[in-house]
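Before any comments, here is the structure.
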Protein chains: 2
Amino acid sequence: MSAHRDVVEKEMNKKISGLAAPEIMKEAMTYSLQAGGKRLRPILLLATLSAYGEKLGKGLAAACALEMIHTYSLIHDDLPSMDNDDLRRGKPTNHKVFGEAFAILAGDALLTYSFQILAADEENTPEIKIRLVELLSKCSGAEGMVGGQAADLQGENRSLTLEELEYIHLNKTGKLLMFSVVAGAIIAGASSKELQLFEAFALHLGLAFQIQDDILDIEGDVSKIGKPIGSDTTNHKSTYPALLTMDGAKEKLKEHVAEAKKMLAQTRLDIGLLEEITDLVAQRDH
Amino acid sequence: MSAHRDVVEKEMNKKISGLAAPEIMKEAMTYSLQAGGKRLRPILLLATLSAYGEKLGKGLAAACALEMIHTYSLIHDDLPSMDNDDLRRGKPTNHKVFGEAFAILAGDALLTYSFQILAADEENTPEIKIRLVELLSKCSGAEGMVGGQAADLQGENRSLTLEELEYIHLNKTGKLLMFSVVAGAIIAGASSKELQLFEAFALHLGLAFQIQDDILDIEGDVSKIGKPIGSDTTNHKSTYPALLTMDGAKEKLKEHVAEAKKMLAQTRLDIGLLEEITDLVAQRDH
């Protein structure tokens with residue numbers, strides 16, 4: 001996995017440094033791309049490709065595009081008018097370093113560039129690429145991640161039902177995770193049955209990811225998660241432990257992990273790495 | 001032209017209203033899309049298609065995508081941390097109505113959706129669509145419109161050289177106008193010679209557009225342009241009249257119009273509508 005991470009990070013840096021753009025833009029884009037992170041999405045994409053025994057080069061462009069979209073969403077979410085966060089992974093957020101205007105533009109540029117990267121990829125056919133563009137925009141726009149963030153903002157400072165909470169997470173986090181897995185499968189030429197299984201796998205994985213996030217906000221180690229413990233409670237955010245009790249949330253986490261693995265097993269592919277990632281997501285400490 | 005405008009406006013409304021997204025997102029997106037405007041970019045795209053005698057339906061998706069990208073850029077440019085504008089075309093700007101957070105998200109959603117629209121278009125082949133996605137992202141991202149906006153912000157409150165001013169306008173406005181024309185030509189199956197001529201045409205048109213913008217900021221009628229006269233001077237913006245004198249700017253405008261028309265004539269296509277648009281751009285009063 002760390003090899004995958006390195007390859008994607010190098011490729012992203014190469015792509016940004018080659019841009020014919022004002023230096024300030026490249027610096028602001030690079031700052032957040034290099035701010036660490038688990039690179040979960042690119043790793044999921046490449047792990048799905050490897051379940052088919054496909055060479056990873058076919059997924060490299062899509063993996064970079066995916067991480068850039070994820071990074072843009074963090075930059076915009078951190079802005080003063082949104083979540084107003086000064087720190088992200090223990091480092092000053094983009095707008096703290098470059099100012100709000102350039103942070104907004106860096107996000108816009110990363111979002112836009114990710115579609116350019118998908119389109120310019122020479123490893124895949126136009127048919128595959130256009131499917132990826134369509135799915136990525138659907139998963140990351142108003143019907144996906146951006147819609148989830150809007151619903152999250154609207155739900156602030158009031159109690160949500162479990163259904164509302166799941167809508168937010170499904171869209172805000174789940175759909176981009178879903179793209180990560182399904183994009184790998186599309187590139188590998190998956191059957192429609194396999195695509196369905198991978199989609200279901202990713203949605204369970206996404207909910208598991210979010211439940212663990214909520215648990216860490218209460219039981220986590222501040223030095224590992226890079227932000228204050230208890231911020232959800234302080235910000236009156238609805239969370240799984242709040243809605244289900246801590247034991248209930250942990251039970252729910254287990255259920256989603258089990259379902260996710262069941263879906264994987266049904267593909268009858270070489271899913272060892274994807275299972276490993278699933279366990280890491282559920283057991284991570286940051 | 002007004003028929004083209006109506007078709008594009010109806011299609012955009014249809015597309016947004018069909019989105020499975022939080023109502024607030026759809027309202028914020030629609031608010032700015034419906035705030036009027038000349039629809040110059042979609043009209044240019046459809047006029048280029050019609051120079052080939054192609055049916056306009058082939059360009060409708062791209063025309064909508066284009067207007068959505070343009071609209072997103074206006075929403076983000078108007079934000080307090082950018083140009084801090086309260087009015088746009090005589091109406092409150094998006095963040096004045098929906099707040100900054102939803103304005104940022106509405107922009108993000110429009111940008112993202114435009115790629116979805118291009119990809120989902122059933123009128124064109126994957127080969128054509130992937131060329132459009134690549135060109136649109138290049139023209140609107142860090143190497144185009146977003147880069148131009150960044151350079152514009154960096155150039156505030158200092159005098160620019162004519163070269164710096166042209167870099168800003170070429171990127172901030174010119175490249176999306178270039179996409180408008182070239183996308184129409186790509187859809188129509190233009191030769192590479194024709195693509196070059198259309199690209200050169202559009203770049204001259206873009207500079208003519210910007211010079212007239214600067215002239216209107218001094219000589220325009222406030223009731224027609226929907227914003228205060230003299231705002232460039234108040235904001236210490238570098239402009240063509242400031243750099244070249246008013247007579248020099250008007251001379252430059254004429255030159256770009258003449259060059260633009262020369263490029264059109266060399267295509268030997270049915271360019272009547274494109275010539276008409278060129279004159280309108282140079283002579284417009286708002």
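The values are calculated or read from the model by the stated rules, or taken from the named source; none is laboratory data. Quick caveat: nothing in here was measured; it's all calculated off a predicted structure. Note that each Cβ is placed from the backbone with ideal geometry, even for glycine, and that neighbours are counted across all protein chains shown.
Table for the structure above
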{"item": "Some residue of the range A:6-14 being under 29 Å from B:Leu170 (Cα atoms), modelled with pLDDT of 95 or more, touching a Ser or Thr at 6+ places or on another chain (Cβ under 8 Å) and surrounded by fewer than 19 Cβ atoms within 10 Å (Cβ to Cβ)", "result": "yes"}
{"item": "Filter result (over 20 Å from A:Leu253 (Cα atoms), assigned to a helix (DSSP H, G or I) and either touching a helix residue (DSSP H, G or I) at 6+ places or on another chain (Cβ under 8 Å) or of a type in the set (Lys, Arg) (or both)) within the range A:175-209", "result": "A:Phe179, A:Ser180, A:Val182, A:Ala183, A:Gly184, A:Ala185, A:Ile186, A:Ile187, A:Lys193, A:Glu194, A:Leu195"}
{"item": "Selection status of B:Ile215, of a type in the set (Val, Ile, Thr), in a loop (DSSP other than H, G, I, E, B) and either within 18 Å of B:Leu44 (Cα to Cα) or over 17 Å from the mean Cα position of the chain (by Cα) (or both)", "result": "no"}
{"item": "Residue count for the range A:108-147, restricted to those that are without any contact (Cβ under 8 Å) to a residue 12 or more places away in the chain, under 19 Å from A:Glu11 (Cα atoms) and either surrounded by fewer than 24 Cβ atoms within 10 Å (Cβ to Cβ) or more than 9 Å from chain B (Cβ to nearest Cβ) (or both)", "result": "1"}
{"item": "Extreme residue, surrounded by the most Cβ atoms within 10 Å (Cβ to Cβ), among residues of the range B:182-212 that are β-branched (Val, Ile, Thr) and within 17 Å of B:Leu45 (Cα to Cα)", "result": "B:Val182"}
{"item": "A:Ala28 buried (at least 24 other Cβ atoms within 10 Å of the Cβ), farther than 24 Å from B:Ala150 by Cα and within 14 Å of chain B (Cβ to nearest Cβ)", "result": "no"}
{"item": "Failed condition for A:Ile104, given (1) more than 20 Å from the chain's Cα centre (by Cα); (2) surrounded by 24 or more Cβ atoms within 10 Å (Cβ to Cβ)", "result": "(1)"}
{"item": "Looking only at the range A:153-164, and only at residues there that are in a helix (DSSP H, G or I) and either more than 20 Å from A:Asp214 (Cβ to Cβ) or touching a residue at least 24 places away in the same chain (Cβ under 8 Å) (or both), the one that is farthest from the other protein chains (Cβ to nearest Cβ)", "result": "A:Leu162"}
{"item": "Filtered residue count, the range B:31-57, keeping only those that are crowded, with 22+ Cβ neighbours inside 10 Å, within 18 Å of B:Glu122 (Cα to Cα) and over 15 Å from the mean Cα position of the chain (by Cα)", "result": "1"}
{"item": "Meets criteria (over 25 Å from A:Thr233 (Cα atoms) and under 15 Å from the mean Cα position of the chain (by Cα)) for A:Leu176", "result": "yes"}
{"item": "Extreme residue, farthest from B:Leu170 (Cα to Cα), among residues of the range B:204-224 that are of a type in the set (A, V, I, L, M, F, W, C) and free of Cβ contacts under 8 Å to residues at least 40 places away in the same chain", "result": "B:Val222"}
{"item": "Positions within the range A:141-184 being of a type in the set (Ser, Thr, Tyr) and over 20 Å from A:Ala202 (Cβ atoms), in sequence order", "result": "A:Ser159, A:Thr161"}
{"item": "Any chance B:Leu105 is closer than 18 Å to A:Gly107 by Cβ, facing chain A (nearest Cβ under 10 Å) and either small (Gly, Ala, Ser) or in contact (Cβ under 8 Å) with a residue 40 or more places away in the chain (or both)", "result": "yes"}
{"item": "Flag if B:Ala150 is surrounded by fewer than 22 Cβ atoms within 10 Å (Cβ to Cβ), facing chain A (nearest Cβ under 7 Å) and either touching a residue at least 12 places away in the same chain (Cβ under 8 Å) or under 19 Å from the mean Cα position of the chain (by Cα) (or both)", "result": "no"}
{"item": "Subset of the range B:255-280 (residues that are charged (D, E, K, R) and over 15 Å from B:Leu207 (Cβ atoms))", "result": "B:Arg268, B:Asp270, B:Glu275, B:Glu276, B:Asp279"}
